[in-house]
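Engineer: Would you mind keeping the following structure in view while I ask a few things?
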Amino acid sequence: MDTYKPLTIVIFGATGDLFKKKLSQAFFDLYKEEILPKQTSIYGISRKDLSDEDFRKLLRENFQSKDIKHTKDFLENVFYKKGDIEDIETFEELKKELAMRDEVLGECTNKLFYLAVVPELYEKVFKNLSISGLSIPCAPSADEKNYGWIRILVEKPFGKDQIHAEMLDELLGKLFAEDQIFRIDHYLAKETLQNILAFRFANSLFEPLWSKKHIHSVHIKAFEGGEKGAVGEKGGAYDKIGALKDVGQNHLLQMLALVSMESPESLSSESIRRERADLLSAVEVKEDDGEFVRGQYEGYIEEAGVNSFSETETYFKAELNINNERWKGVPFYIEHGKALSKTLAEIAVTFKEKNEEGEGLFPKVNNTLVFHIQPNEGISVDFFAKKSGFLYELEKKTLSFRYKSSDDTPFVYPYKKLLVDVLKGDQTLFVSTEEICQEWRIVGEIMKKLEEKPLFVYPKGTAPEKII
Ligand code: BG6
């Protein structure tokens, strides 16, 4: 990563929660740790009427750090531009401003465009980037003196269904090469998700058991409870998407891909992304007696921005199969809901009972291996041991490790990791075109199944086990 070359970052949708609460903190931390180039400027774009100072204040209020000196230095290079991203003038003015900055610095700076806006606006932004010429690097080839790259970061969900995602992708493909496009799924940058491949392919312990022969089922869950659980301020945007597209289409399917894909040839971004995409292409929804449930929490339709007749699901469960040699017949459940009794995200892999003819030595038990993602990342394995005492009775015990409990491990939170990778040009933790298309295909098929089911209403704070 070139930490010396000046960098210009443009955030479309800069007054939204994502930038205020997550991205700006990640940029600030990278600045403090001197990972961002010294000459980094951030331009926030949004329709709100704010001055540079108002915008800085907004960010300052959200920073967790009380480090006044670094905060001040960082914010001096943060600017705000009021503008409608549907209007070409916003882009033309921005182009002039960025060109002026390059001129002052005497260099063609690297440029990062971040789309933190609702998916309906992507098409417009892509087109306006192209028409205004902002998508063209000031020195277009690495051979030219002063070359500066252009990269584009796109938040999820990318598109609203398969056809729309393919259309957007085609458009994006005309403006940028695939290696300039970074489609975010922040779950991919969670330690436990990255650790799945290390755990599976570096150890000899579990991989021999990792197939339909020994695995009974895999349950991928993402539950949200407490204050974070309801849709809150995001009601308007959420209502157009729903639980399946908000979390199922991306986070849950990526979890599924990592836990079940074949070993990549190498740890290169191409190999890993190819294996994830191959796995996704083998995913099928369970026909006939599959488990499909959709629900909505009580009071959802009264949330700000939500249509009062909304049938948007805030909970879903779906049963999938993987049509390949390794997994044929093993049920994979994906389940997500808002306003439940707890916040928890995990992949639970349940092993089959020990297969013994007649009466075995012990009662039959299922071992479970869990990849924990929320609230505390780690891995645990349930096994059975002899209960201490006179009798030969079994009791469940757990072997477990948690990332945050080992003090020597610096914990890198997802957005920070993703931003560093964009600057390095490493796409491993970003979603490829093939993956996006497969994810939307699967979601389309699940949606058909869910729509056949009645929408049931659950009280806020319901325990996930009580939903069905
Ligand atoms: C986001 C969804 O992608 O992921 C949110 O849009 C959800 O609705 C969030 O709450 C969960 O992420 P995390 O990292 O808090 O588990």
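Engineer: Can you pull out the trypsin sites (Lys or Arg not before Pro) in region 147-225 that DSSP calls coil and that have at most 14 other Cβ atoms within 10 Å? Intermediate values should be presented prior to the final figure.
Structural biologist: Details: sites: ARG151, LYS160, LYS174, ARG183, LYS190, ARG200, LYS212, LYS213, LYS221; in loops: LYS160, LYS190, LYS212, LYS213.
Answer in residue order: LYS213.
Engineer: Per residue, how much accessible area does region 65-197 have with a 1.4 Å probe, in Å²? Intermediate values should be presented prior to the final figure.
Structural biologist: Values: 6040 Å² over 133 residues.
I get 45 Å² per residue for region 65-197.
Engineer: For region 138-211, which GluC sites (Glu not before Pro) are both in a DSSP coil and crowded by at most 15 other Cβ atoms within 10 Å? Kindly include the intermediate steps, with their values, before the conclusion.
Structural biologist: Numbers: sites: GLU144, GLU155, GLU166, GLU170, GLU178, GLU191; in loops: GLU144, GLU155.
Filter output for region 138-211: GLU144.
Engineer: Search the structure for amide H atoms under 5 Å from the amide H of ARG183, placed 1.01 Å from N in the peptide plane, and list their residues when 5 or more places away or on another chain.
Structural biologist: VAL154, VAL431
Engineer: For region 7-155, with the dipole built from +1 on Lys and Arg beta-carbon atoms and -1 on Asp and Glu ones, taken about the Cα centre, which of VAL10, SER24, MET100 lies farthest toward the positive end?
Structural biologist: SER24
Engineer: Which order do peptides 57-68, 427-438, 446-457 fall in by mean Cβ count within 10 Å, highest first? Mind showing how you got there, number by number?
Structural biologist: Details: 57-68: 13.4, 427-438: 21.3, 446-457: 15.3.
The peptides rank, most packed first, as 427-438, 446-457, 57-68.
Engineer: Scan around LEU455 for amide H atoms under 5 Å from its own, H built in the peptide plane at 1.01 Å from N, and keep only partners 5 or more places away or cross-chain.
Structural biologist: Amide H neighbours of LEU455, under 5 Å, 5+ apart: none.
Engineer: Tally the DSSP beta bridges in region 188-466 and give the antiparallel ones as a percent, rounded to 5.
Structural biologist: Values: 40 of 52 bridges.
Around 75 percent antiparallel, to the nearest 5.
Engineer: For region 314-415, compute the number of Lys pairs whose alpha carbons are separated by less than 17 Å, excluding pairs fewer than 8 positions apart on the same chain.
Structural biologist: 16
Engineer: How big is region 138-197 on each of its three principal axes, counting only the C-alpha atoms and giving the largest first in Å?
Structural biologist: So the extents along the principal axes, rounded to whole Å, are 41, 32, 16.
Engineer: Report, for the chain, the % of DSSP beta bridges that are antiparallel, rounded to 5.
Structural biologist: On the way: 41 of 78 bridges.
So the antiparallel bridges in the chain amount to around 55 percent.
Engineer: Follow-up. Tell me, Kirkwood radius of the chain from alpha-carbon pair distances, in Å? Display every interim value, and only then the final one.
Structural biologist: Working: mean 1/r = 0.0416 Å⁻¹.
Value: 24.1 Å, from the Cα pair sum.
Engineer: Place +1 on the Cβ of every Lys and Arg and -1 on the Cβ of every Asp and Glu in region 415-468, take the dipole about the Cα centre, and give the residue among THR433, ILE468, TYR458 whose Cα lies farthest towards its positive end.
Structural biologist: Farthest along the dipole direction, towards plus: TYR458.
Engineer: Of all DSSP beta bridges located in region 7-155, what percent are antiparallel, nearest 5? Don't jump to the answer; show the numbers that get you there.
Structural biologist: Details: 0 of 22 bridges.
Of all bridge pairs located within region 7-155, approximately 0 percent are antiparallel.
Engineer: While we're here: Please turn the phi angles of region 361-368 into ³J(HN,Hα) values with the Karplus equation 6.51 cos²θ - 1.76 cosθ + 1.60 (θ = phi - 60°), one per residue in order, whole Hz, x for glycine and proline.
Structural biologist: 5, 10, x, 6, 9, 10, 7, 10
Engineer: Of MET447, ILE85, SER46, whose Cα points farthest to the positive end of the dipole of the chain (charges on the beta-carbon: +1 Lys, Arg; -1 Asp, Glu; origin at the Cα centre)?
Structural biologist: Of MET447, ILE85, SER46, it is SER46.
Engineer: Can you pull out the cysteines in the chain that have no other Cys Cβ under 4.7 Å?
Structural biologist: Cys with no partner Cβ under 4.7 Å: CYS437.
Engineer: Kindly provide the GluC sites (Glu not before Pro) of region 297-341 that DSSP labels as loop, not H, G, I, E or B, and whose Cβ sees at most 16 other Cβ atoms within 10 Å. All intermediate terms of the calculation are to be shown ahead of the outcome.
Structural biologist: Working: sites: GLU298, GLU302, GLU303, GLU311, GLU313, GLU319, GLU325, GLU335; in loops: GLU298, GLU303, GLU311, GLU313, GLU325.
Passing sites in region 297-341 are GLU298, GLU311, GLU325.
Engineer: Pop out the ³J(HN,Hα) list for region 213-221 in order, Karplus 6.51 cos²θ - 1.76 cosθ + 1.60 with θ = phi - 60°, rounded to Hz; leave Gly and Pro as x.
Structural biologist: 5, 10, 9, 7, 6, 10, 10, 10, 10
Engineer: Report, in debye and to the nearest 20, how large the dipole of region 7-155 comes out about its Cα centre when Lys and Arg carry +1 and Asp and Glu carry -1 on their Cβ.
Structural biologist: 400 debye
Engineer: Additional query: Could the peptides 18-25, 130-137 be put in order, highest first, of the mean number of other beta-carbon atoms found within 10 Å of their residues?
Structural biologist: Numbers: 18-25: 20.2, 130-137: 16.5.
So the order, starting with the most tightly packed, is 18-25, 130-137.
Engineer: Using amide H atoms built 1.01 Å from N in the peptide plane, name the residues 5+ places from ILE150, or on other chains, whose amide H lies under 5 Å from its own.
Structural biologist: Here LYS111 satisfy the definition.
Engineer: Per residue of region 308-321, what does 6.51 cos²θ - 1.76 cosθ + 1.60 with θ = phi - 60° give for ³J(HN,Hα)? Whole Hz please, x for Gly and Pro, Karplus curve as stated.
Structural biologist: Per-residue couplings from phi come out as 5, 10, 4, 10, 5, 7, 10, 9, 8, 9, 9, 10, 10, 10 Hz.
The values are calculated or read from the model by the stated rules, or taken from the named source; none is laboratory data. Keep in mind the model is a prediction, meaning the values are calculated, not measured. We place every Cβ from the backbone using ideal geometry, glycine too, and count neighbours over all the protein chains shown. Surface accessibility is based on the protein's heavy atoms, side chains included, excluding ligands, DNA and RNA. Shrake-Rupley method; radii C 1.70, N 1.55, O 1.52, S 1.80 Å.
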